[in-house]
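Data block below; observations after.
The values are calculated or read from the model by the stated rules, or taken from the named source; none is laboratory data. Because the structure is a prediction, the values reported are computed rather than measured. We place every Cβ from the backbone using ideal geometry, glycine too, and count neighbours over all the protein chains shown. These accessible areas exclude ligands, DNA and RNA; they are computed on the full protein's heavy atoms, side chains included. Shrake-Rupley method; radii C 1.70, N 1.55, O 1.52, S 1.80 Å.
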Amino acid sequence: MAYNALSEAEKVFILHGIQDDFRNDGRSRRDFRPMELQTNVIASACGSARFCIANSDILVGIKPEIDAPFPDKPEEGKIEFHVDCSANALLDFEGRGGEELALEISNCLRITYASPFAFDLKSLCILPKHQCWKLYVDILILQCAGNLYDAISFAVKSAFYNLRIPRVNSALLDGGNVDLVLSDDPSDCDRLDVQSIPILLTICKIGEHCVIDPSIDEEICSSSNIVVGVSRNKIVSLKTISGGSFHPDTIENCIDLAISTAKTLDNTLMNILKHEESLTKSKKNIKCSFLN
């Protein structure tokens with residue numbers, strides 16, 4: 001991705017800060033920027049979330065539909081990712097400038113979620129060989145301030161946590177036709193196990209050091225970036241971006257850094273999601289009046 005160019009003096013300043021483990025925004029090489037999370041933000045979606053890392057703002061909505069499974073995977077459901085880059089997110093996204101990046105991100109998510117360690121697609125099966133749930137995951141990049149892969153993966157996992165799928169009371173096969181009976185109660189829904197849903201960690205190599213959560217300016221100064229998909233301490237995907245190359249020893253260090261960081265972030269994210277859900281439930285039980 002191309003950004004506004006930095007002067008040589010600015011690049012040297014950023015590089016020296018990385019060397020001294022004191023980045024230009026005050027962080028160390030292992031620190032993330034402030035994050036904000038909000039779920040259930042789209043009324044027309046069955047699961048949604050809005051996630052921000054600094055000024056990187058991501059909106060995700062998930063809608064389920066009934067579909068037929070793939071012939072070679074008769075007991076698995078489907079997930080389809082679609083990424084859209086708002087023209088206001090970055091000047092490079094004007095016109096069709098964001099289409100290439102959107103395709104790269106959607107392909108990265110598709111490969112990551114296809115791993116058997118990442119997500120159990122069998123949980124989306126309704127009737128083997130005949131019916132399954134197909135999840136449409138729509139991702140909108142509202143604002144870009146660097147580190148899009150990480151922000152999007154956090155937003156997608158949060159939306160999956162918020163997802164409610166209509167409960168199937170019965171699924172019968174009658175003369176080759178599938179007869180499904182769905183619950184009429186909007187609150188009678190099924191939820192997915194999101195513990196194994198992966199998150200993406202971008203490791204940025206600047207000079208001789210690797211940093212996490214790079215800003216736009218740091219991405220300009222990087223020689224190479226690698227995106228690591230992690231699920232329960234297991235690597236489920238690897239992707240290099242921005243060209244460049246990694247020494248084998250550096251890749252091993254990046255993977256170790258990604259696994260340790262992902263474990264902490266994943267636990268924190270799940271705790272925040274559970275805390276927000278408990279607050280939402282408690283608010284529903286509070287009676288409000290204009291006269292109080």
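Remarks
- Restricting the search to strands (runs of 3 or more DSSP E) fully inside region 180-236 and requiring at least 3 residues that are more than 26 Å from residue 25 (Cβ to Cβ) and of a type in the set (Ser, Thr, Tyr) gives an empty result.
- All conditions in (1) open to solvent by less than 20 Å² (accessible area, probe 1.4 Å); (2) without any contact (Cβ under 8 Å) to a residue 40 or more places away in the chain hold for residue 263, with the sole exception of (1).
- With respect to being in contact with a Pro (Cβ under 6 Å, 6 or more places away or on another chain) and open to solvent by 20 Å² or more (accessible area, probe 1.4 Å), residue 182 fits the description.
- Residue match in region 193-208 (condition: open to solvent by 80 Å² or more (accessible area, probe 1.4 Å) and at pLDDT 90 or above): yes
- Among the residues of region 151-170, those identified as in a strand (DSSP E or B), out of contact with any Gly (no Cβ under 9 Å at 6 or more places or on another chain) and either free of Cβ contacts under 8 Å to residues at least 40 places away in the same chain or open to solvent by less than 30 Å² (accessible area, probe 1.4 Å) (or both) are 169, 170.
- Screening 196, 237 for residues that are in contact with a helix residue (DSSP H, G or I) (Cβ under 7 Å, 6 or more places away or on another chain) and of a type in the set (Ser, Thr, Tyr) leaves exactly one candidate, 237.
- Failed criterion for residue 38 (all others in (1) outside any loop (DSSP other than H, G, I, E, B); (2) open to solvent by 30 Å² or more (accessible area, probe 1.4 Å); (3) in contact with a Cys (Cβ under 8 Å, 6 or more places away or on another chain) hold): (3)
Per-residue answers, yes or no, for (1) within 15 Å of the chain's Cα centre (by Cα); (2) closer than 26 Å to residue 228 by Cα:
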{"site": "90", "(1), (2)": "no, yes"}
{"site": "102", "(1), (2)": "yes, yes"}
{"site": "107", "(1), (2)": "yes, yes"}
{"site": "110", "(1), (2)": "yes, yes"}
{"site": "113", "(1), (2)": "yes, yes"}
{"site": "119", "(1), (2)": "yes, yes"}
{"site": "126", "(1), (2)": "no, no"}
{"site": "141", "(1), (2)": "yes, yes"}
{"site": "157", "(1), (2)": "yes, yes"}
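- Test: residue in region 209-228 that is open to solvent by less than 30 Å² (accessible area, probe 1.4 Å), in contact (Cβ under 8 Å) with a residue 12 or more places away in the chain and over 25 Å from residue 23 (Cβ atoms): no
- Scope region 111-150; condition in contact with a Phe, Trp or Tyr (Cβ under 6 Å, 6 or more places away or on another chain) and in a helix (DSSP H, G or I); matching residues: 113, 124
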